[in-house]
Amino acid sequence: MQQGTLMRKVKSKNWKKQRYFKLQDDCMTIWYQSKRTGKIESAFSISDVETVREGHQSEVLQSLAEEFPPERCFTIVFYGRRGNLDLIAGSAEEAQCWVQGLHQLIEPRSFSLTSAVVSSTWIRDWFQKGDKNKDGRMNFKEVQRLLKMMNVDMNEDHALQLFQTADKSESGTLEGEEFVLFYKALTQREEVVSLFQDFSEDGKKLTLLELVDFLQQEQLEDEDTEQLAMELIDKYEPSETARARHVLSADGFLMYLCSPDGSIFNPRHRVLWQDMTQPLCHYFISSSHNTYLIEDQIRGQSSIEGYIRALKRGCRCLEVDCWDGPNGEPVVYHGHTFTSKIPFREVVSTLEKYAFKVGRWVPWVALCGWGTHMVAISVGTRATDNPLGEMGTARCLPLSSTSQELRHKILLKGKKIGRLEDTLDRPGDKAPDVSDDDNGAEAEEERRRVKVGGTQHSPALQKDKESLAQSLSDCVIYCKSVSFRGFQEARSHSRPSEMSSFAEAKARKLIRDAGNEFVRHNTWQLTRIYPSGMRTDSSNYNPQEMWNVGCQIVALNFQTAGMEMDLCDGLFSQNGCCGYVLKPPFMRDKETVFDPSDPSSREGPGPTILTIQVISGQQLPKVANSKDGAVIDPLVRVEIHGVPVDQARQETKYIENNGFNPCWDETLQFQLHVPELALVRFVVEDYDKTSRNDFVGQFTLAFANIKPGYRHVHLLSKDGTSIPPSSLFVHIRITE
């Protein structure tokens, strides 16, 4: 890799350009140049790379499968919405050299902290950015330029003092360990030092008992705190001597606070921690809308990348709109629009490969359209057994950790020919009549699509399609789509294996008119919500109001970043990211009196008080496309999303010209009447007095996952990807 490699960069079956790729000496940057002109076309940082996929794992490379063997092909996948980079090496050996090398470079980015409380990779990255003439050392002018790049508007005299202190060789430049010393002085955290000294008798270390006092008094740890203190010292103390004496230095203390153990997110809730033996209707389920689309709803691109990204994000309910394509081969796209098409078999192959990458908990596939060959889904993958019997008596569908039938199975949701019992009991050669139980909203949408497309099927063709679709109908065992004719009708006649779908406007009307009935309905039957057809730009509605009444399958456009997807990611980031979150007890009781518009209907203690002291920020990123030398003026806004009475937002003042280590030290307080449904969203913005503030970073989590005490909030980008080491330092208190 160090010498560079000539490879084909591929954008389509007919666009294959040879480019010269090379890893720079910093081992952090890859650039590629045209073979013909020698001009460097682009460059990207290793920190931008999420993963590397070997073989034909993109539509473009799959289309070239007959021309190039999989051993020579690989795909570089970037964080966020940046397009993938498909490459074809000259040989299998060259491809493996790049694949293995990239894996080695991106795997260490778990940010194990050094004594300077930053990873060596991070320090090296900043050094390379600051060393403009690439001579391996930095003069003071380069340091000043670096400070601007790091979002620091520092007094020149103070910067010179830090520079001269770190310049042990008195050469007028910084190199190697001197730059580490400079960086450590720059990242000195006075607020953390002050906290450390509050509990340290000598101001230099925390003894085991002093650390126990801190954990009990400030972090509110109440279980085996002495054992926890020992574990934290062993885990985060960089000095072997200090570890042997069971003491924690100031560096070790900061390393603990910056770690997952010092995060605002309760580490015990990161793993699978909820009861997974409840009925399916008792869980919120991470769900996507038109999963195959990665752009807008009218002319956007359809791609298997939509399924891969959603599944890796923990999504458990995906949509497949299948239509007959050329030569009877089914294709997936947004019917009667100008969106691109992808072969149905590629979608099936992708689901088979990625459905259980995140976890073994059952994914759903919603099948729509007129495709006649959709039963290509592997019988060994989809769930096929009778869900009635005991489950029918219990009026629920199971999600049991001991259920051998549902583990590693895919549930199909779709329209059904006839009744479910007819499918299970009929001899096999008798086709029942077509049921008129199709969901009203979906049927109306289908009629609209046919009208828009100007397509009319002859009776003979329609009969042929219905006949061919019988095998598809037979696949729908656990979840049949039915129309909604009122809550009373549903309670009297609907079955637990049936589900109704609502457009967002219809759902809002039901919430306004019959909030408690909607909550009760969702205690025993599944409900799916989907975006309005007017959202052609793939925008999203607010999912919180749907979760407030217990709707399980709240489908969002995963390709569109924003507050709505932040809430979705925030809710489902818990419980091992398995895509299932157990609803609170009062939303699982069939006789519940809870109504989100009346918080007093929730049984339990009174309001909860959430107090957040926003202390400081660390190494906040610059605003995208900002001018050279611009430094942000950050402020922090804390938002509460929950039942209507709990909706609130408060923000700090802004700090001028300091995105590196701003200090706010402001206290915000919120009253939560239904904390079980509340999500807390931290947003950092760059203040602008003449126009709308610019987004800097955010982090969202369920209130139930908050860990009290002194905690770091590790910020995410607009796309929901990590932007280390950007964070907020806060102090959390929860009282009733």
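Computed over the stretch 543-583, the P(r) curve from all C-alpha pair distances, binned at 5 Å from the origin, holds 5, 22, 31, 30, 10, 1 percent per bin.
Residues whose amide H lies under 5 Å from that of residue 561, counting only those 5 or more places away or on a different chain, are absent; hydrogens are built 1.01 Å from N in the peptide plane. Within the assembled protein chains, the solvent-accessible surface assigned to residue 47 is about 50 Å², based on a 1.4 Å probe. The Rg/Rh ratio of the stretch 608-735, with both radii computed over alpha carbons and Rh defined as the Kirkwood radius, is 0.97. Heavy atoms of the protein chains alone define the surface here; on that basis the stretch 597-679 has 44 Å² accessible area per residue at 1.4 Å probe size.
Taking GluC sites (Glu not before Pro) across the stretch 156-185, the ones in a DSSP loop with at most 14 further Cβ atoms lying within 10 angstrom of their Cβ are 170. Per-residue packing, averaged as other Cβ atoms within 10 Å, sorts the ranges 492-504, 674-686 into the order 674-686, 492-504, beginning with the highest.
The convex hull of the Cα atoms of the stretch 525-679, projected and averaged over all directions, covers 12.0 nm².
Would you mind pulling out the separation of the Cα centroids of the stretch 246-271 and the stretch 155-178, in Å? A separation of 31 Å, based on Cα centres. Between residue 352 and residue 665, what FRET efficiency comes out of the Förster formula 1/(1 + (r/R0)^6) with R0 = 41 Å and r the beta carbon distance, rounded to 0.05? So the FRET efficiency works out to roughly 0.20.
At R0 = 25 Å, how high is the FRET efficiency between residue 733 and residue 625 if r is their beta carbon distance? Nearest 0.05 is fine. Efficiency computed from Cβ-Cβ geometry: 0.05. For residue 361, the solvent-accessible surface computed with a 1.4 Å probe is close to 20 Å², ligands and nucleic acids excluded.
Using a cut-off of 22 Å between Cα atoms, the listed pairs 184/204; 132/689; 141/184; 415/506 include 132/689 as exceeding that distance. Whole Å is fine, so just give me how far the alpha carbon centre of the stretch 475-520 lies from that of the stretch 277-301. So the two Cα centres are separated by 18 Å.
I need the shape label for the stretch 5-106. Rule: rounded when a/c is under 1.5, else prolate if a/b > b/c, else oblate, with a, b, c from the alpha carbon gyration tensor.
Details: a/c = 1.44, a/b = 1.21, b/c = 1.19.
Cα axes put the stretch 5-106 in the rounded bin.
Here is the tail figure for the stretch 190-262: Cα pairs spaced more than 20 Å apart come to 16 percent of all pairs.
The values are calculated or read from the model by the stated rules, or taken from the named source; none is laboratory data. Quick caveat: nothing in here was measured; it's all calculated off a predicted structure. As a convention, Cβ positions derive from the backbone with ideal geometry for all residues, glycine included, and neighbour counts pool all protein chains shown. When the accessible area is computed, the model is the full protein with side chains, heavy atoms only, and any ligands, DNA or RNA have been set aside. Shrake-Rupley method; radii C 1.70, N 1.55, O 1.52, S 1.80 Å.
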